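Inspection log for the structure reproduced underneath, given as structure tokens.
The values are calculated or read from the model by the stated rules, or taken from the named source; none is laboratory data. Just so it is clear, the structure is predicted and the values come from calculations on it, not from any experiment. Note that we place each Cβ from the backbone using ideal geometry, even for glycine, and neighbour counts take in every protein chain shown. Just so you know, the surface numbers come from the protein's heavy atoms only, side chains and all, with ligands and any DNA or RNA stripped out. Shrake-Rupley method; radii C 1.70, N 1.55, O 1.52, S 1.80 Å.
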Amino acid sequence: MNPSAAAADDGRGPLLIAAAVAALPITVLIALAVGAIGAPAADMRHLLEHVLPGVLLNTVVLVVGVTLLAGLLGTVLAWLVSSYDFPLRSVFAWALLLPMAIPAYVLAFVAIAGLDFAGPVQTALRGVFGEGLRLPPIRSTGGVILVMSLALYPYVYLLARGAFATQGRRALEVAATLGLTPRQALLRVQLPLARPWIAGGMALVAMETLADFGTVAVFNYDTFTTAIWRAWSTLYSIEAALQLAGALVLLVAIALMFEQRARAAQRHTALGGPAAPRRRLAGWRAAAVTALPATVLLLALVLPGIALGAWALEHAARDLDADWWSAAGRSVALGLMAAALVCALAIALAYAVRARPDGTTRGLARLATLGYALPGTVLAVGVFLPVAGLNNLFEAAARAIGADWPGYLQGTVAVLLLAYAVRFLAVAHAPLEANLGRITRSIDDGARLLGAEGLALLRRVHLPLLRTGLLTAAALVFVDVMKEMPITLMTRPFGWDTLAVRVFELTSEGEWTRAALPALAIVLVGLLPVALLLRRAERPG
Amino acid sequence: MSARRALTVLATVATAALLVGCSRPDTPAAAAAATPPAVAAGEVVVYTARKYQLVEDLFAEYSKATGTQVRAVTDDAGPLIQRLRTEGADTPADLLITVDAGDLWYAADQGLLAPLESRSLMASIPANLRDPSNRWYGLAVRARTIAYSTTAYTPEAFAAAVKGYADLAAPAWKGKLCLRSSKHVYNRSLVAALIARYGEPKTEEIVRGWIANLATEPFSSDTLLLQAIVAGQCSVGIVNHYYLGRMIAEKGAVPIAIRWPDQDGAGVHVNISGAGLTAHAKHRDAAVKLLEWLATPAVQARFAAANQEYPANPEAQPTDIVRDFGAPLQDPIAVAEVGKLQPTAAKLMDRIGWR
């Protein structure tokens with residue numbers, strides 16, 4: 001990667017860089033398309049007739065519901081902590097991120113174990129109000145939307161907060177000059193300015209929801225992903241599964257195209273300047289504003305945390321051995337390596353788009369980030385097929401020159417990291433792209449006048465301005481990799497069992513309380529460093 | 001942290017990651033980071049859908065006793081079989097362990113398992129619990145049975161009302177039945193067994209009756225289902241016997257009893273957790289030895305006990321909890337037949353709308 005080439009204004013370099021980054025995901029998509037050929041017609045007919053109609057409706061309801069609710073929660077919470085001063089604000093500011101580290105499937109199980117008919121809450125209530133008491137079931141459409149929104153709102157919150165925090169005072173000053181009240185300023189100035197961030201966050205939430213399998217499985221809520229899994233796992237037709245996956249990717253691509261077009265109509269130029277001062281709240285207003293983040297944290301973090309902690313304690317004595325610590329170490333190592341790799345690719349891609357913002361480059365960038373909407377298992381298959389092909393090619397080449405090929409390309413960490421890169425490029429791309437949009441051409445021109453060119457321009461001017469986006473991107477990828485299950489399971493080499501693998505092994509045997517220990521560790525090991533990092537990032541300098 | 005330093009750190013880690021990741025497994029850098037995938041003699045590599053916590057103690061003991069290192073990769077059967085398919089002749093796997101006969105049948109059907117004529121295995125494992133072509137052998141038996149609330153019914157009353165699976169379709173059970181999701185292989189396998197027993201139309205009628213009797217949406221796990229029976233949300237359900245066994249092992253007395261279905265007829269539906277030798281095994285002899293060891297009576301008892309199952313080897317004893325469940329008449333149909341019918345069963349369940 002050579003970002004200076006991307007920053008320069010010649011046409012071919014950026015296109016090549018974008019093409020190089022997009023080559024990985026495109027290879028995966030092609031492999032999936034090839035693998036999809038030859039699905040038995042009878043299986044496809046069965047799926048179309050009996051499975052797809054129901055799951056399509058379910059999927060639309062779930063994706064729209066979760067994206068709107070998570071978007072609303074994330075945006076409102078970000079706006080509150082960046083615009084107002086109220087009790088515990090500085091704690092909320094970073095604590096509201098912590099639920100990001102709780103995998104949605106874990107939150108789902110805690111919710112069902114706690115709130116279903118047989119759970120402690122309803123059992124206690126029946127003890128008070130009589131056996132006839134019936135409450136709205138948690139295992140319902142509303143329940144799954146609520147749980148997924150609580151697990152995914154941090155993606156929007158993180159991006160939106162970065163936007164509000166860096167909008168600067170001048171935009172608000174202009175709004176005040178025009179006689180806008182703070183609320184009007186939010187709706188007419190701040191929100192439109194933060195739109196790329198919020199939209200980016202909501203797009204991530206939508207894609208994550210589409211690709212989710214674990215959470216909907218716990219709720220037994222059938223979605224498109226379920227149908228893919230069904231074709232594969234119950235009809236034993238990987239081809240039919242890949243055809244469905246292809247349809248899913250196509251839908252996502254179309255949706256993203258519309259989003260892109262809507263966004264392209266707007267220009268986003270930061271006025272800059274120091275951050276706007278926060279308005280101090282007191283009395284009932286302060287109490288009311290404190291209540292929202294407090295409630296969200298209680299539901300998404302504190303109560304599940306207590307449940308997980310209690311379960312973990314039951315099993316800690318037996319399960320906490322040396323193996324366990326090395327699993328935690330591998331989780332962190334994979335998270336760090338993936339974050340570094342994915343951020344590097346995302347920066348290259350974002351610069352390429354910036355230097356050559358035409359349809360081709362943008363299209364390549366879109367293709368490159370589609371992997372986030374693919375169910376992990378499907379993506380793993382798409383990575384496996386070309387790697388196996390490449391392996392055979394090397395083997396043949398080695399044989400041709402009489403050399404010996406160890407024949408284990410599949411079993412290296414590189415394959416796992418490549419799969420992560422395809423899956424999580426979107427996660428790093430969203431904040432970096434939004435951030436880079438803030439760095440205007442006039443900043444470049446000004447820097448050039450002062451003698452900063454090429455790499456120096458990147459290092460001395462862009463990087464300090466990109467800090468928020470870069471740290472956000474790295475943190476998101478790190479935590480996502482810590483939680484990731486299907487790709488890790490399928491492509492990990494021997495000995496690379498992580499915390500998420502532990503969670504899988506226990507939960508798939510129904511041992512949810514034993515899974516609490518590794519689940520809690522994912523939260524602790526993954527998130528505290530991230531929260532600290534982001535706190536530092538908030539400080540100037 | 002300055003952004004520059006952050007980027008330097010990122011770049012360094014990225015480079016290191018790529019170096020580690022791309023280097024051949026036999027280089028020192030990779031060896032330090034990961035256990036090298038290249039396997040030496042005296043090792044067996046196992047792809048297992050039976051979860052590691054259920055087999056790790058036995059594998060560790062075997063390694064210690066024989067010096068043969070057993071290395072396992074866990075995942076669900078689907079991805080493991082796909083992995084075997086993709087790796088082809090290069091696969092490092094010697095054994096495939098699944099928790100369902102259907103998955104073994106499918107792996108064998110895809111040519112991923114090799115026939116294994118082992119006299120000792122054939123003597124240990126009954127014919128209906130293994131592949132007719134000897135490509136896989138059952139190692140533990142689980143029964144999918146009817147369980148009911150002893151708070152709601154006396155054993156006599158329940159036994160008089162319910163003789164088998166089909167009785168749960170009667171309108172008398174409306175609003176009283178709990179089922180697990182149709183997505184789980186255990187239910188698919190049960191419906192496949194019913195198709196083999198009664199034919200498709202009759203099975204569809206029975207299963208429609210079940211769905212009409214549901215007290216609540218299907219559960220995502222048998223454990224949650226049993227808890228719902230305890231709480232009184234429903235009074236009867238269909239579960240694998242060992243989930244109740246585990247619950248009893250953990251909590252002591254539980255107000256749930258087992259009613260073995262169809263004891264005057266075809267018997268309770270049983271499935272297996274079993275293993276097969278892969279077609280491209282690199283350590284064939286060592287793998288066969290491990291498999292034969294797993295089928296010996298003493299090991300069989302422990303293999304089954306880890307999960308409160310019935311040993312596949314009739315000479316081995318189950319745990320006390322399982323012995324107290326009784327020794328039911330088991331559906332004698334070959335589990336291989338049931339595996340073959342699974343796609344048909346899946347389609348039937350989709351048509352009916354069993355979620």
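Numbers for the structure displayed
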quantity	calculated
Environment charge at residue A:101 (Cβ cut-off 12 Å; Lys +1, Arg +1, Asp -1, Glu -1)	0
Theoretical FRET efficiency, 1/(1+(r/R0)^6), r = Cβ-Cβ of residue A:287 and residue A:400, R0 51 Å, to 0.05	0.10
Isotropically averaged projected area of chain B, using the convex hull of Cα atoms (one quarter of hull area), nm²	22.1
With 5 Å bins from 0: P(r) over region B:304-355, alpha-carbon pairs, percent	4, 15, 17, 15, 14, 14, 14, 6, 1
Average beta-carbon neighbours from other chains, 10 Å sphere, peptide A:464-473	2
10 Å Cβ neighbours from other chains, averaged over peptide B:342-354	4
Over 19 Å (Cα to Cα) - which of B:163/B:202; B:183/B:251; B:183/B:347; B:64/B:289 fall in this group	B:183/B:251
Per-residue average of Cβ from other chains inside 10 Å of A:495-507	3
Net charge over other residues, Cβ less than 14 angstrom from the Cβ of residue A:420 (K, R count +1; D, E count -1)	+2
Calculated [θ] (222 nm, deg cm²/dmol) that DSSP helices of n ≥ 4 give over chain B, each run adding -39,500 (n - 2.57)	-14000 deg cm²/dmol
Loop-exposed GluC sites (Glu not before Pro) per DSSP, neighbour cap 16 Cβ within 10 angstrom, longest uninterrupted part of chain B	B:118-314
Point-to-point label distance, residue A:322-residue B:152, nm (Cα→Cβ direction, 7 Å offset)	5.1
Label point distance in nm, residue B:320-residue B:296, each placed 7 Å from Cα along Cα→Cβ	2.7
Region B:292-355-region A:387-405 distance, computed between alpha-carbon centres (Å)	43
Convex hull per residue volume in Å³, alpha carbons only, for the protein assembly as shown	171
Protection-proxy order for peptides B:321-327, A:512-518, each taking the mean of Cβ atoms within 10 Å per residue, highest first	A:512-518, B:321-327
Hull volume in cubic angstrom per residue (convex hull over the Cα atoms of region B:159-279)	138
Förster radius 35 Å - calculated FRET efficiency between residue A:191 and residue A:306, Cβ distance, rounded to 0.05	0.50
Debye log10 I(q)/I(0) for region B:64-120, one point scatterer per Cα, at q = 0.27, 0.29 Å⁻¹	-1.21, -1.29
Förster-model FRET efficiency, 22 Å R0, residue B:327 and residue B:217, C-beta, rounded to 0.05	0.05
Set of lysines with alpha-carbon distance to residue A:483 below 23 Å, sequence-local pairs under 8 removed	B:51
Size of the A/B contact, given as accessible area buried on both chains, probe 1.4 Å, in Å²	6500
Spacing of the two label points (7 Å from each Cα toward its C-beta) at residue A:445 and residue A:23, in nm	3.6
Alpha carbon centroid spacing (whole Å) that separates region A:145-159 from region A:190-256	16
Accessible surface of chain A [probe 1.4 Å, protein heavy atoms]: carbon and sulfur percent	68
